[in-house]
1. Quick one: how many residues across the range 104-153 are part of a loop (DSSP other than H, G, I, E, B) and buried (at least 23 other Cβ atoms within 10 Å of the Cβ)?
2. State whether one or more residues within the range 290-309 are assigned to a loop (DSSP other than H, G, I, E, B) and touching a Leu at 6+ places or on another chain (Cβ under 9 Å).
3. Give the number of residues within the range 359-401 that are assigned to a helix (DSSP H, G or I), of a type in the set (Val, Ile, Thr) and under 25 Å from ILE29 (Cβ atoms).
4. Residues in the range 326-337: is at least one in the same structural domain as LYS24 (by TED's automatic domain parsing), within 15 Å of the chain's Cα centre (by Cα), touching a residue at least 12 places away in the same chain (Cβ under 8 Å) and crowded, with 24+ Cβ neighbours inside 10 Å?
5. Against the conditions (1) at pLDDT 95 or above; (2) among the charged types (D, E, K, R); (3) touching an Asp or Glu at 6+ places or on another chain (Cβ under 9 Å), where does ASP341 fall short? Just the number, please.
6. Kindly provide the set of residues from the range 339-358 that are part of a loop (DSSP other than H, G, I, E, B) and surrounded by fewer than 24 Cβ atoms within 10 Å (Cβ to Cβ), ordered by number.
7. Among the candidates SER82, SER98, single out the residue that is polar (S, T, N, Q), more than 18 Å from LEU114 (Cβ to Cβ) and in contact with a helix residue (DSSP H, G or I) (Cβ under 9 Å, 6 or more places away or on another chain).
8. Taking the condition among the aliphatic types (A, V, I, L, M) and surrounded by 15 or more Cβ atoms within 10 Å (Cβ to Cβ), does ALA421 pass?
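The values are calculated or read from the model by the stated rules, or taken from the named source; none is laboratory data. Here the structure is a predicted model, which means the values were calculated and not measured. Neighbour counts are summed over all protein chains in view; Cβ atoms, including those assigned to glycine, are modelled from backbone coordinates with ideal geometry.
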Amino acid sequence: MAVKEYAKEFIAKGGVFRDIADQKETLWINDRYLPFDMVDALCQLVVTDEDIEDAARRLDRFAPYIRKCFPETEEDRGLIESPLAEISAMKAAIEKDSSCVIPGRLFLKMDSHLPIAGSVKARGGIYEVLKHAEDLAIGAGMITENDNYERFADDDFREFFGRYTVQVGSTGNLGLSIGIMSAFLGFKVKVHMSADARQWKKDLLRSKGVEVIEYEDDYSKAVLEGRRDSDRDPSSYFVDDEYSVPLFLGYAVAAARTKKQLEEKGVTVDADHPLIIYVPCGVGGAPGGICYGFKRLFKDSVHVFFCEPVLFPSVLLGMATDMHNAVSVNDFGLCEMSEADGLACASPSGFVTRIDRNLLSGDFTIVDGRLYDYMRMLKETEDILIEPSSCAAFIGPARLHEYEAGKAYLHLNGLTPEKLANCVQICWATGGRLVPEDIWEKYMNTHIEY
């Protein structure tokens with residue numbers, strides 16, 4: 001694919017832009033990263049602490065319904081939450097494999113094992129569907145916020161929601177969360193899926209009664225066509241991963257819940273005990289909300305990095321060029337499909353690249369072959385299986401101290417060796433629970449040279 005003229009100008013500057021064009025792993029440090037107090041007021045003009053707390057309360061209201069309908073949530077009394085596991089053996093394996101030393105303790109936030117949808121999208125995706133259902137039901141006088149939300153499981157609610165359609169464009173996991181939850185509530189559902197979406201995800205959705213519409217193009221095309229189709233139907237609601245504030249809020253709630261888990265493990269987060277988080281990133285919705293939530297809680301004591309495939313560093317480009325959603329990886333000559341299907345988005349969310357522009361610490365890129373190596377390593381060391389896309393997060397702790405840009409960031413932000421010795425690092429696992437056994441076998445036997 002031909003490189004666009006504007007992209008040539010960026011590539012000529014060298015650095016990460018040259019690395020991107022050469023499909024080389026790299027680390028971009030956010031040149032507009034600022035102390036939290038300098039951006040707090042501006043951020044709250046868009047998404048406030050009260051907005052996040054309101055989202056948390058809504059999820060609490062729905063907990064009786066979730067608990068009743070999804071037995072796997074019984075242990076958490078209807079909350080859709082995942083474990084936070086320390087992975088010391090994986091840490092040692094990464095250190096050996098990369099000839100590095102990873103300071104502090106390494107944890108895995110296992111959104112790969114979230115109930116119902118089995119991915120991080122169970123947070124934002126399910127939250128937005130529940131909010132839409134609540135808005136419709138309250139608007140129709142069927143329920144109030146003070147009622148028991150178990151009533152959403154009643155036949156009259158399912159019949160009511162059957163008059164409406166929910167649509168979404170997806171590479172896979174968002175489609176699963178929207179499709180499964182919407183269909184269960186009784187909505188008619190259409191999921192528009194890009195060419196790189198895994199077949200087993202399409203099959204699973206169809207088994208739930210979801211209409212799956214396939215495209216030969218990438219994620220952006222699926223979103224565009226889904227949005228158009230929904231706009232033509234006044235009874236249709238489109239879940240927009242690129243611009244949705246409800247999605248963003250659903251993801252942001254994860255921060256307070258993880259804070260509680262850290263406290264239960266005796267972990268302190270402050271200036272002398274920093275927290276470093278690595279989140280796989282596609283269009284940016286889930287990692288953007290997670291980043292925002294953690295920065296609101298821990299301010300300058302938390303440092304968040306996104307991790308993207310070398311073939312689809314869309315959020316990196318959106319921020320580094322300050323072109324936001326107007327940029328495309330295709331313009332930089334990247335046109336191959338990635339094995340990291342959930343992260344294969346050509347253009348980023350304009351909402352996330354703007355709201356997190358001063359909050360994100362940086363962005364790593366990773367080659368596809370390494371995803372499978374990390375996946376096997378995690379299985380061998382911790383007996384945990386997560387999707388290849390999820391394994392992008394492990395590039396962070398392996399490489400933060402290797403890149404000169406990483407060393408400079410640590411120095412500039414006062415992350416001394418003494419403080420790092422007391423740090424906690426979290427790799428965010430974004431999907432895996434619903435993967436069929438035959439697909440796991442295929443994944444485990446996939447080897448890509450790099």
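1. The number of residues fulfilling the criteria is 4.
2. no
3. Looking only at that region, the number is 1.
4. Scanning the range 326-337 turns up no residue that is in the same structural domain as LYS24 (by TED's automatic domain parsing), within 15 Å of the chain's Cα centre (by Cα), touching a residue at least 12 places away in the same chain (Cβ under 8 Å) and crowded, with 24+ Cβ neighbours inside 10 Å.
5. Status for ASP341: all satisfied but (1).
6. GLU339, ALA346, ARG357, ASN358
7. Just one listed residue meets the conditions, SER98.
8. no
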